[in-house]
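Each reported figure results from applying straightforward, stated rules to the coordinates on display, with no laboratory input. A quick note: this is a predicted structure, and the numbers were derived from the prediction, not measured. FYI the Cβ positions are ideal-geometry reconstructions off the backbone, even for glycines, and counts take in every protein chain you see.
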Amino acid sequence: MKSSLQDTLLASIRNIADYPRPGIMFRDITTLLGDARAFRRAVDELVHPYAGNKIDKIAGIEARGFILGGAIAHQLSAGFVPIRKKGKLPYETVRVAYSLEYGVDEMEMHKDAVAPGEKVILVDDLIATGGTAEGATKLLTQMGADIIAACFVIDLPDLGGRAKLEALGVPVRTLVAFEGD
Ligand code: AMP
C-alpha cells in the first residue's frame, strides 16, 4: 500500500480522547467522510481487490457501515443489505446476540435479504474486539451467504477482532491500524 494513502487516511481521522467513556480513544471517521479525497480513496482502496469479481451484496453494519457500504455497493454494482440493531427493520428478520465490551446486544437483518450461495462482503468503519462483526458473520452464515471478505477502514489489532474473524474463515481487509485501544 502506498504510504500516501495511509497518510491521507490517518490525517483525515479525528481522534477524540475519553469518548464515549474515560480511557477510550474514539476514532471519528466523520472527518474522513467529509473530506472528498479521503472518502473516495478509502472506498476505492477497500473495493480494489474485488473489482471485476461478481459480488452480489454488500452487508453494512449500522450505522457507519451504511455510509461506506452504500458507496462500496455502488462501486461494485452490488446490492446493499442493512444489518441493524434489533427492532428497527420492518419485515420479518433473523436475529443474533453479539458481545459488547460490557454485556450483549442483538442485531437483525431481513430474512430474505440474502439468498443462499450469494457472495457477500461485510462492511463497517472499524474493527476492535470483533464482537460486532462476528455477530454479523453469524447472521450471514445462517442465511447461507458466501462471505468473501469483511472490510474496515480502521483496525485496532491489539483488541483481536481481525484474528477472531479470520478464525471463522473470513478474510479481513483493513486500511489503517492504531496500536493500543
Ligand atoms: P467491536 O465489536 O469491539 O469490534 O467494535 C466495533 C464497533 O464499535 C464498530 O461498529 C465501531 O464503529 C465501534 N467502535 C469500537 N471501538 C471504537 C473506537 N475506538 N472508535 C470508534 N468506534 C469504535
Per DSSP H run of n ≥ 4, the term is -39500 (n - 2.57); total these for the chain, divide by its residue number, and report the mean residue ellipticity at 222 nm rounded to 500 deg cm²/dmol. -9500 deg cm²/dmol
Can you list residues whose amide H is under 5 Å from Arg95's amide H, if they're 5+ apart or on another chain and H is modeled 1.01 Å from N? none
Note on the chain, DSSP bridge orientation, antiparallel percent to nearest 5 equals 35 percent
Taking the alpha carbon gyration tensor of region 1-40, what are the square roots of 5 times its eigenvalues, largest first, to the nearest whole Å? 23, 12, 5
Could you order peptides 107-115, 47-55, 86-94 by the average number of other Cβ atoms within 10 Å of their residues, highest first? 107-115, 47-55, 86-94
Exceeding the 20 Å Cα-Cα cut-off - candidates Lys111/Lys138; Lys54/Lys85; Lys88/Lys119; Lys57/Lys111; Lys86/Lys111; Lys54/Lys86: Lys54/Lys85; Lys88/Lys119; Lys54/Lys86
Using the reciprocal of the averaged 1/r over all distinct C-alpha pairs, how large is the Kirkwood radius of the chain in Å? 16.5 Å
Residue by residue through region 142-151, the couplings from Karplus 6.51 cos²θ - 1.76 cosθ + 1.60 with θ = phi - 60°, in Hz, x for Gly and Pro, are 4, 7, x, 5, 9, 7, 6, 6, 10, 10
Could the peptides 73-83, 135-145 be put in order, highest first, of the mean number of other beta-carbon atoms found within 10 Å of their residues? 135-145, 73-83
